[in-house]
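Contents: one structure, followed by commentary.
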Amino acid sequence: MDFTLKTYEQLLRKIQHTNHKTCTVYEFMRDKAAADDKLIVLRHDVDRRPKNALKMAKLEANLGIQSTYYFRHMRETFKPQIIREIASMGHEIGYHYETLAKARGNYEEAYQIFKQELENFRTLYHVQTICMHGRPLSRWDNRDLWKKFDYQSLGLIGEPYLSIDYANIVYLTDTGRSWDGGKYNLRDRVKQEKPQHVFKKTQDISNFLPNNSKTIILQTHPERWAYSPMSFLISFSADQATNMVKRVLFHIRS
């Protein structure tokens with residue numbers, strides 16, 4: 001069964017077995033790693049169900065792995081106790097911002113909201129990287145905020161969608177509950193070469209690793225990775241409903 005924590009653990013062990021180094025987004029940007037460094041950059045977008053993120057973080061920590069968790073600043077996700085606990089394991093905490101959508105396109109208001117929310121996160125962790133939340137139902141692209149303002153002036157070193165050259169990087173995302181879910185990916189896209197390999201199941205990634213020589217950026221949504229039969233049913237049902245809406249939006253926008 002795919003998209004379970006057991007499956008994710010198997011993938012992590014395969015990463016270790018094939019001598020890939022893992023790192024956080026901050027470490028990747030700080031070290032200016034080359035695309036052929038054979039790294040696995042582990043990035044998790046915590047859109048909802050932060051307890052799932054905590055379980056995933058514990059699993060990684062038990063294997064000696066650190067990754068990046070981008071939290072939304074929403075009532076259901078901004079949980080200081082969980083954020084602190086994940087950070088205490090050595091993981092990076094980042095800010096999953098969506099302020100241009102919150103401000104309905106008002107750039108000045110969006111920037112003020114951004115600064116306040118960033119400060120709230122920094123009372124818990126010294127945030128140094130940020131990542132936009134796609135908000136597929138919104139007409140506003142949150143990245144556009146940086147066409148008017150400079151996030152580096154706030155002591156931030158980078159944003160994965162803006163600060164990384166994906167030309168020779170393998171970028172994999174579980175958006176749409178599939179590793180090839182392009183039709184369900186309305187905004188979390190990057191410019192990269194057409195992939196030479198087809199990834200649909202997590203096992204396909206594991207099979208690819210022994211022959212890989214490039215950096216891989218692996219982006220997941222922890223709420224999708226089940227830890228029990230009930231959590232699997234909940235995440236599966238939610239993804240099915242979301243994908244139906246995204247299919248409609250994809251056809252409208254294309």
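Summary of values
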item: Pairs with Cβ under 8 Å, 6+ apart, first in segment 140-166 and charged (D, E, K, R), second assigned to a loop (DSSP other than H, G, I, E, B) and modelled with pLDDT of 95 or more; result: Arg143/Glu159
item: Subset of segment 106-149 [assigned to a loop (DSSP other than H, G, I, E, B) and under 30 Å from Ser88 (Cα atoms)]; result: Thr123, Leu124, Tyr125, His126, Val127, Gln128, His133, Gly134, Arg135
item: Filter result for Glu27 (of a type in the set (Asp, Glu) and either more than 27 Å from Ala167 (Cα to Cα) or in contact with a helix residue (DSSP H, G or I) (Cβ under 8 Å, 6 or more places away or on another chain) (or both)); result: no
item: Filter result for the condition that a residue is surrounded by fewer than 16 Cβ atoms within 10 Å (Cβ to Cβ) and under 24 Å from His133 (Cα atoms), over Arg30, Arg49, Arg43; result: Arg30
item: Subset of segment 94-140 [of a type in the set (D, E, K, R) and at pLDDT 95 or above]; result: Glu98, Lys102, Arg104, Glu108, Glu109, Lys115, Glu117, Glu119, Arg122
item: Qualifying residue in segment 89-105 (condition: touching a residue at least 60 places away in the same chain (Cβ under 8 Å) and either part of a loop (DSSP other than H, G, I, E, B) or among the hydroxyl-bearing types (Ser, Thr, Tyr) (or both)); result: yes
item: Qualifying positions in segment 100-127 - among the acidic types (Asp, Glu) and more than 12 Å from His73 (Cα to Cα); result: Glu108, Glu109
item: Members of segment 163-209 found to be of a type in the set (Ser, Thr, Tyr) and either modelled with pLDDT under 65 or assigned to a loop (DSSP other than H, G, I, E, B) (or both), listed by number; result: Tyr166, Thr175, Ser178, Tyr184
item: The lone exception for Arg75 - which of (1) over 15 Å from the mean Cα position of the chain (by Cα); (2) more than 23 Å from Ala238 (Cβ to Cβ) it fails; result: (2)
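Conditions tested, residue by residue: (1) within 16 Å of the chain's Cα centre (by Cα); (2) among the hydroxyl-bearing types (Ser, Thr, Tyr).
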site: Ile113; (1), (2): no, no
site: Glu119; (1), (2): no, no
site: Thr123; (1), (2): no, yes
site: His126; (1), (2): no, no
site: Pro136; (1), (2): yes, no
site: Arg143; (1), (2): yes, no
site: Tyr151; (1), (2): no, yes
site: Gly155; (1), (2): no, no
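The values are calculated or read from the model by the stated rules, or taken from the named source; none is laboratory data. Values in this document were obtained by computation on a predicted structure and should not be read as measured data. Positions of Cβ are generated from backbone atoms using ideal geometry, with glycine treated the same way; all protein chains shown enter the neighbour counts.
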